[in-house]
Amino acid sequence: MTELPPLTPQLVLAGTALLVLGIDALTPNSRNNTLLAGISAAGTLLTAGVAAWFLSAGTGDFQFVQFDGALVVDALSLFFAFVVGTVATLVVVASHDYIEGRKHIAEYYTLVLLAATGMTLMASANSLVTVFISLELASLPSYVLVSYLKTDRGSVEAGLKYFLVGALSSAIMAYGISLVYASTGVLGLQPIAESFGNGVEFTGVLGLGVVMLVGGFAFKTASVPFHFWAPEAYEGAPAPISAFISSASKAAGFAVLFRVFTTAFPLEVIAGTVIDWSLLFAALAVVTMTLGNFAAATQDNVKRMLAYSSVGHAGYVLIGLAALQSGAGAENSFVLGASMMHLLVYGFMNTGAFLFVALVEYWGVGRTFEDYNGLAERAPVACVAMTVFMFSLAGLPVGGGFLSKYVLFAGAVQSGFAWLAAIAAINSALSLFYYSRVVKAIWIEEPDGDLSLEGQPTGLYVAVLAAAVGTVVLLVAFDPVAQTANHAAGVLFG
């Protein structure tokens, strides 16, 4: 299998999207939801499987440059292709029940697959041009998916807000790319780094371009100050799409962010002449995690709470860039690898939490904490899974989130950023307050009225339980994930 094209994960996703669209074009009057969901799930699962096989076979040990350097396949891109493929599989399986009976089912699955294709390409982007194109390929289908519920005013409004903020951030990023090109004369990530050896004449212009690139990536990762679209989009979107955007899209955004700043703007070269971006990311990490957690603690809507929680976790992941040091190869690989570990675990526990919300929405229970009162009496298995997600997100030792946070904070301390780890630990302790509110509501509080749950959505149940199993398994089988993530991060500094 290692003789397959290095871009096989991306090709599988794109081919599956075309297959689903082709089936719909040939049989436009047939709404075979099960067939389309099965094909889509097979494609996403195959993508994750191929990425995992490539990683285990050593394909990611070297950088396979594709299309004259526009794309690159290495351990980093394969690691995030696995994350995106896994999350997309859970989302597609859950969507089978969620969108049953609605119009434009084939279009829904096609857009999910195309967005996933863009996300995997983001992890392989090796030029600022392909960075921008892949980011737009992931974003444009996402705008449509957020507003998929056309008769729901909240969904349409969320899609519009998401699109407007996305257009603004894309313009900022495009302008930043133009400033970098004006200063260096190249667009490839490695050629940009090599241009510093010849001396950069317009350092101020380059510094402004780097800051604008950070702004564009902040939107994609839902980091402050481009985070305010996230609560609106996550609340109004179909819950499986909220899970997809908050997990897979965030992971892809960080993948391209890691590659761009470690490859094109090496800290040991750029810090003394243009801008010390590690300090910039340190400030962003503190503000993002603090604002996200405090905002989540004030919410009454579970979906909005998870949205602000997602912002807080973006702050934790930013520690991987904030704690990087000039010339510290092993320490840099460890702390950046820790961020990647957290993104993988986060993909399971956060996706599972949003899919539990999708399950509750399917039953028509409601969206506030009070609406969840006594839910465990009717759906104990699903509520056990939700409890695992909540406590793992908070960092308690019931899931992989405990170890990923521990390693991330330890990496920050090892790199000399103990103060940043301390702020992150305080924020993590705060998060236990609002996560436990969900657990208290479903297990301890009495329901206000008759809580009747109609229907047994098999797909949603399977997706929620699979995410819960993955979260718990990562607690006891964390070592392979840690080794793979550290190796993938080491490729960037090799």
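What follows is calculated from the coordinates using simple rules that are stated; it is not laboratory data. Computed from a prediction, not measured in an experiment: that's the story for all the values here. Here the Cβ is made from the backbone with ideal geometry for all residues, glycine too, and neighbour counts use every protein chain on show.
Of note:
- With a simple spin-label model that places each label point 7 Å from the Cα along the Cα-to-Cβ direction, the separation between E157 and T203 comes to 4.9 nm.
- Residue-averaged [θ]222 nm for the chain, counting only DSSP H segments that reach four residues, each worth -39500 (n - 2.57): -24500 deg cm²/dmol
- Close amide H pairs (under 5 Å, H built 1.01 Å from N) link L71 with Q66, N126, residues at least 5 positions away or on another chain.
- Karplus 3J(HN,Hα) series, Hz, for segment 287-300 with 6.51 cos²θ - 1.76 cosθ + 1.60 (x for Gly, Pro): 5, 5, 5, 6, 5, x, 6, 5, 5, 5, 5, 9, 8, 9
- Per-pair calculated FRET efficiency, R0 = 35 Å: A410 and D300 via Cβ, rounded to 0.05: 0.50
- The alpha-carbon of K103 sits under 26 angstrom from the alpha-carbons of these lysines, leaving out residues fewer than 8 places away in its chain: K150, K161, K303.
- Label point distance in nm, E370-D61, each placed 7 Å from Cα along Cα→Cβ: 6.1
- Segment 286-340 and segment 84-134 have Cα centres lying 24 Å from one another.
- Segments 296-303, 357-364, 71-78 sorted - mean Cβ within 10 Å per residue, highest first: 71-78, 357-364, 296-303
- Karplus-based coupling profile of segment 247-261, in residue order and whole Hz: 10, 5, 5, 5, 4, 5, x, 6, 4, 6, 4, 4, 5, 4, 7, with θ = phi - 60° in 6.51 cos²θ - 1.76 cosθ + 1.60 and x standing for Gly or Pro.
- The distance between label points at E100 and D68 comes to 5.1 nm (points 7 Å beyond Cα on the Cα→Cβ vector).
- Per-residue extension of 0.36 nm, minus the Cα-Cα distance of A422 and D479, leaves a gain of 18.1 nm for this segment.
- Helix 105-124 axis, angle to the chain major axis (alpha carbon atoms, nearest 10°): 30
- Cα centroid separation - segment 342-412 against segment 428-484, whole Å: 3
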